[in-house]
Amino acid sequence: MTVDETPRTRPSLLLRLRGERDERDERAWAEFLVLYEPLVLRLMRRRGLQESDARDTTQQVLLRVSGAIERYQPDGVEASFRRWLFRVARNVVVTFLMRQLRQPKLLDDRQIAEVLDATLAASAESDLFDHEYRQQVLAWATEQVRREFRDTTWQAFVETNINGRPIAEVASELSLSPGSVYVARSRIIARLRAKVEEFEAED
């Protein structure tokens, strides 16, 4: 796809995920895993789980999502799906920690509750999860948008918008006019924003 072509707006990821299991869009699930599996895995690691346990609990979260996604109903509040996914992940962590703390039973129920309260600060963790989600979506959007532009156009964007170099300097280096660099940068930023908004609208 060239810079002059308009990409087709993809169907809602969540709608594509919520079909019957034998009718689900495999590409939608692949997109879901690219976006959300790293987020859930990082959440598990932050809870202090060993790598093998973090990966096992991440798979448990994904299995629960797979089994419950058709029953998921947005609540009309922003980031509804992310909050739902975070609750699923947090419940898996709680179950795992409860099992670990009780085998052998070194703590009584009150002490276990205190440990869970101390290690699972929901509001702070949810905010961090949300921040990391946005970073993950931006990384995905960047990868997608990169394919739409020529190398020189993308280089102009990277050098001016990311590396902070002056437009005139980059234009001279790439044999472009300053106006061309400015337009190219603006178009890439607009495409990145549009890609991110696709996911924000779905969530």
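The values are calculated or read from the model by the stated rules, or taken from the named source; none is laboratory data. On a predicted model such as this, the values are computed, not experimentally measured, just so you know. Note that each Cβ is placed from the backbone with ideal geometry, even for glycine, and that neighbours are counted across all protein chains shown.
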Counting only helices (runs of 4 or more DSSP H) wholly inside region 124-203, the ones holding at least 2 residues that are in contact (Cβ under 8 Å) with a residue 40 or more places away in the chain and within 15 Å of residue 36 (Cα to Cα) are 178-202
Exactly one of 83, 110 is basic (Lys, Arg) and at pLDDT 65 or above, and that one is 83
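Listed here are the residues, each with its yes/no results for (1) surrounded by 15 or more Cβ atoms within 10 Å (Cβ to Cβ); (2) modelled with pLDDT under 65; (3) within 25 Å of residue 38 (Cβ to Cβ).
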residue: 65; (1), (2), (3): yes, no, yes
residue: 72; (1), (2), (3): yes, no, yes
residue: 87; (1), (2), (3): no, no, yes
residue: 106; (1), (2), (3): no, yes, no
Residues of region 37-53 being touching a helix residue (DSSP H, G or I) at 6+ places or on another chain (Cβ under 6 Å) and over 19 Å from residue 66 (Cα atoms), in sequence order, are 45, 47
